[in-house]
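In what follows, a structure is listed as structure tokens, so that the remarks can point back to it.
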Amino acid sequence: MVTKNHPGGTMLTVKDIMSTNIVSVKPDTEIIEAAKVLLENRFNGLPVVDDNGKVVGIICQSDLIAQQKSLPIPTLFTFLDGFIPLTSLKKMESEIQKIAAITVADAMTKKPVTVKTDTRIETVAALMADKKLYTLPVLDDAGKLVGIVGKEDLLKTVIKRPLSTDE
């Protein structure tokens, strides 16, 4: 059996691996500026915070890449001389908004998945793998942004911590 313990013997949590040097953007930040921040800092995603510091979204490289897509042509079928879309109109509207985005608010993922400082890294790994998330804002018990955890932070734990084998 392999145990993945912190040198002190306790399980690793987000607090042990998160980055506390937080770079964030506001909803009214221009897309081009957000892209520059992502690229210059080699980040996959940035938390989007309002004027009170509350996390209102996350803008990721994938959100910016979505802008490069062409407008999807909806699949329709006719029924009694009417057209019925096979894709959700709300989803199509969201796609159009991302493609035409000028500000972060237009392209960001609203209501992002967040974690707390005491979340175990195994939970973070499952979230990242299952939901294809690469950047998670870290909130304290009051909901304040206190850090960010990315896939690189998680991978660093694999390199740094010794694995003990119990047979």
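The values are calculated or read from the model by the stated rules, or taken from the named source; none is laboratory data. Note that the coordinates shown come from a computational prediction; the quantities given were computed from them, not determined experimentally. When we count neighbours, we look across all protein chains shown, and the Cβ atoms used for this are built from the backbone with ideal geometry, even at glycine.
Could you please find all residues in the stretch 119-134 being within 12 Å of K151 (Cα to Cα) and touching a helix residue (DSSP H, G or I) at 6+ places or on another chain (Cβ under 7 Å)?
Answer for the stretch 119-134, where residues must be within 12 Å of K151 (Cα to Cα) and touching a helix residue (DSSP H, G or I) at 6+ places or on another chain (Cβ under 7 Å): I121, V124, A125, M128, L133, Y134.
Can you work out which of the residues in the stretch 41-68 that are touching a helix residue (DSSP H, G or I) at 6+ places or on another chain (Cβ under 6 Å) and either part of a loop (DSSP other than H, G, I, E, B) or among the acidic types (D, E) (or both) is modelled with the lowest pLDDT?
Once the filter is applied, the top-ranked residue is D63.
For the stretch 18-27, enumerate the residues that are surrounded by 14 or more Cβ atoms within 10 Å (Cβ to Cβ) and closer than 18 Å to N41 by Cα.
In the first step, residues of the stretch 18-27 are kept if they are surrounded by 14 or more Cβ atoms within 10 Å (Cβ to Cβ); the result is 18-19, 22, 24-27.
Result: M18, S19, I22, S24, V25, K26.
Criterion first (at pLDDT below 90, hydroxyl-bearing (S, T, Y) and more than 19 Å from I22 (Cα to Cα)) does T123 satisfy it? Steps first, answer last, please.
Details: at pLDDT below 90: no; hydroxyl-bearing (S, T, Y): yes; more than 19 Å from I22 (Cα to Cα): yes.
Judged against the criteria, T123 is not a match.
Which residues, taken from the stretch 17-40, are of a type in the set (D, E) and either assigned to a helix (DSSP H, G or I) or in contact with a Lys or Arg (Cβ under 8 Å, 6 or more places away or on another chain) (or both)? Give the steps one after another, and end with the answer.
Taking the stretch 17-40 as the starting set, the residues that turn out to be of a type in the set (D, E) are 28, 30, 33, 40.
Scanning the stretch 17-40 gives E33, E40.
Of everything in the stretch 136-152, what is at pLDDT below 90 and either part of a strand (DSSP E or B) or of a type in the set (D, E) (or both)? Give them in sequence order.
D141, E152
Got a sec? Which of K132, K98, K111, K116 is at pLDDT below 65 and either loosely packed, with under 12 Cβ neighbours inside 10 Å or within 20 Å of the chain's Cα centre (by Cα) (or both)?
Details: K132 fails: at pLDDT below 65; K111 fails: at pLDDT below 65; K116 fails: at pLDDT below 65.
Within the list K132, K98, K111, K116, the selection yields K98.
Specify the residue that is modelled with the lowest pLDDT; the eligible residues are those in the stretch 1-16 that are among the β-branched types (V, I, T) and either assigned to a loop (DSSP other than H, G, I, E, B) or surrounded by 15 or more Cβ atoms within 10 Å (Cβ to Cβ) (or both). Before you say what the answer is, go through the steps one by one.
Step one: filter the stretch 1-16 for residues among the β-branched types (V, I, T), giving 2-3, 10, 13-14.
After this cut, where a residue has to be either assigned to a loop (DSSP other than H, G, I, E, B) or surrounded by 15 or more Cβ atoms within 10 Å (Cβ to Cβ) (or both) as well, the list is 10, 13-14.
Values: T10: 64, T13: 93, V14: 94.
Among those that are among the β-branched types (V, I, T) and either assigned to a loop (DSSP other than H, G, I, E, B) or surrounded by 15 or more Cβ atoms within 10 Å (Cβ to Cβ) (or both), it is T10.
Residues of the stretch 109-121 being in contact (Cβ under 8 Å) with a residue 60 or more places away in the chain and either more than 20 Å from M11 (Cα to Cα) or outside any strand (DSSP E or B) (or both), which ones? Steps first, answer last, please.
Residues of the stretch 109-121 in contact (Cβ under 8 Å) with a residue 60 or more places away in the chain: 112, 115-121.
Listed by number, the residues that qualify are P112, T117, D118, T119, I121.
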